[in-house]
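Right, one structure below, let's go through it.
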Amino acid sequence: MKAIVFILWLAAGACVQAINERFEVHPMRQLLNVINEFRAQHDVSALTWNKTLTHKETQHSSVFKVDDTHVPTIDLVVIAVNSWYNEGHQGNQGCRTDYDRMVSDVPKQIGCGLDNTGNDSVVLFCNYDPPVVIPANCIE
């Protein structure tokens, strides 16, 4: 009898783990979902994921740096996306580079990645395709 209870207990644990894994949202999928929710508020079409854009930061990337390598990835994603979006509500209409990239109707695809700088910092970057042209007077 104890063996049967133990087997049922193991099976139940495996089912719970499988359900959690099935419904857990990957941090980059969550990032895409949140950015697309913000885009929808501006009547801009949703972006699709492009894996080739995830490999390296470029001069056109939106970048968010955290000086703590222990921040969970999902928290980093939420903080970064909110920071980029809030940039548009800070009154500087001319140089809202990350906000403008996020809500522009120019890009159709996005790819984001993480870079551990080796200095106890983590950088989240997102590349848009086609890239959004940012005014030359804006400091990136």
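The values are calculated or read from the model by the stated rules, or taken from the named source; none is laboratory data. Computed from a predicted structure; not experimentally measured. Accessible surface areas use protein heavy atoms only, side chains included; no ligands, DNA or RNA. Shrake-Rupley method; radii C 1.70, N 1.55, O 1.52, S 1.80 Å.
Excluding ligands, DNA and RNA, the accessible surface per residue across the stretch 23-140 is 57 Å² with a 1.4 Å probe. At the residue level, K51 shows approximately 150 square angstrom of accessible surface with a 1.4 angstrom probe and all protein chains present. Solvent-accessible area of T117, all protein chains in place: 60 Å² (probe radius 1.4 Å, heavy atoms, ligands and nucleic acids excluded). For the stretch 40-140, what class follows from the C-alpha gyration tensor (a ≥ b ≥ c being the square roots of its eigenvalues): rounded when a/c is under 1.5, otherwise prolate if a/b is larger than b/c, else oblate? Here the stretch 40-140 falls in the prolate category. Put R39, R96 in order of accessible area, highest first, and with a 1.4 Å probe you get R96, R39. Residues M28, M102, sorted by accessible area with the largest first, give M28, M102 [1.4 Å probe; ligands and nucleic acids excluded].
Only protein heavy atoms count here; on that basis, with a 1.4 Å probe, F38 has an accessible area of about 30 Å². Derived scalar couplings between HN and Hα for the stretch 72-80 equal x, 4, 4, 5, 4, 4, 4, 4, 5 Hz in order, rounded to whole Hz, by the Karplus curve 6.51 cos²θ - 1.76 cosθ + 1.60 (θ = phi - 60°), x for Gly and Pro.
Accessible surface comparison of C95, C112, probe 1.4 Å, protein chains only, largest first: the order is C95, C112.
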